[in-house]
Amino acid sequence: MSTTQFSLDGKVAVITGATRGIGQSMARLFAAQGAQIVVVSRKQESVDATVALITAEGGRAAGLSSHVGRAGEAARIVAFATEQFGGVDILVNNAAANPAYGPVEQSTGDVFDKIMGVNLKAPFEIASACLPSMIARGGGAVLNISSIGGVSPEPGLGIYSVSKAAIISLTKVMAKEWGKHHVRANAICPGLIKTDFASALWSDPKLLAYTLRKQAVNRLGEPDDISGLALFLCSDAASFCTGGVYMADGGYTI
């Protein structure tokens, strides 16, 4: 085995939710391995800051402010990636929403629609929009960021967990149907990671202690704990891996 299997030289990677936490960690690592990064996130100032950070580290990146849950954004993202770098080889669906924490019956109406729109519909639409470019370029890789909640739901994260279970199923459908085009699809299920998105969980001493008691690895996860696995799954080193669901949770779900 050669270390060049992990190289992303010449690849174009679109990463949503790429301006902080797990998304930014992946964007920086992928760029360090030679990929040209399309940074996608909601706030323009955060997009610009992440592009500047990647550039300062010697990488290549371009950024697009996008609310992935809105109609028409998938086509806009692909058009931007094509304009900037010629197409798409890798898509990481990392952007997520969870506007409500509490009993599942409270996640109704607009809350339900927002969670499903960002966490499930958007990844489906963006991946579908990227597919023609991946086929034209000889293949590609789709990586969907799910959650341990998609495998083992926890109280208070009801519809979020449902959306993450659905993205696992969607990943397997993509893998089965798109393999003939040399397009692979895999999912990562992070556990509790020290990100702003999950701060309500890890900043609560009781919740953190409960989580750490259940983990085999007795520490809080970091974004870089996810990005290494993501690099493997999006590189040629994982050329025989598709339809997989990979836990990165410190052993929480054992």
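Derivation of every value follows stated rules applied to the coordinates shown; laboratory data play no part. Being a predicted model, the structure only gives us computed values, none of them experimental. For neighbour counting, all protein chains shown are included, and Cβ atoms are generated from backbone atoms with ideal geometry for every residue, glycine included.
Provide the net charge surrounding residue 188, with neighbours chosen by a C-beta distance below 12 Å and charges set as Lys +1, Arg +1, Asp -1, Glu -1.
Numbers: positive: 164; negative: 225, 249.
Around residue 188, the surrounding residues sum to -1.
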*Considering only 71, 241, 109, whose Cα is most displaced toward the positive end of the charge dipole of the chain, charges sitting on Cβ of Lys, Arg (+1) and Asp, Glu (-1)?*
241
*Report the local net charge at residue 158: Lys and Arg +1, Asp and Glu -1, summed over other residues whose C-beta lies under 12 Å from its C-beta.*
-1
*Can you tell me the 0 to 90 degree angle between the C-alpha axis of helix 44-56 and the longest principal axis of the chain, rounded to 10?*
60
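Tell me the relative contact order for the chain as a rounded percent, counting alpha carbon contacts under 8 Å between residues six or more apart. Mind showing how you got there, number by number?
On the way: 507 pairs, mean separation 49.7, N = 254.
The value is 20 percent.
I'd like the FRET efficiency for residue 45 and residue 83, computed as 1/(1 + (r/R0)^6) with the beta carbon distance as r and R0 of 22 Å, rounded to 0.05.
On the way: r = 22 Å, r/R0 = 0.98.
So the FRET efficiency works out to roughly 0.55.
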_Cut-off 11 Å, label point 7 angstrom out along Cα-to-Cβ of residue 218: give me the residues of the range 170-202 whose amide nitrogen falls inside._
none
*Stokes-Einstein at 25 °C, 0.890 mPa s, Kirkwood radius from Cα pairs: D for the range 3-247 in µm² s⁻¹?*
137
*Apply the Karplus parameterisation 6.51 cos²θ - 1.76 cosθ + 1.60, with θ equal to phi minus 60°, to every residue of the range 21-35 and state each ³J(HN,Hα) to the nearest whole Hz, in sequence, with x for glycine and proline.*
x, 4, x, 5, 4, 5, 4, 5, 5, 4, 5, 5, 8, x, 6
*residue 236 to residue 203: extension gain in nm, 0.36 nm per residue of separation minus the Cα-Cα distance?*
8.1 nm
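Determine the alpha carbon to alpha carbon distance for each of 43/114; 114/214; 121/164; 172/214; 43/121 and list only those over 22 Å. Each step should come with its number before you reach the end.
Details: 43/114 18 Å; 114/214 31 Å; 121/164 11 Å; 172/214 28 Å; 43/121 20 Å.
Those over the limit are 114/214; 172/214.
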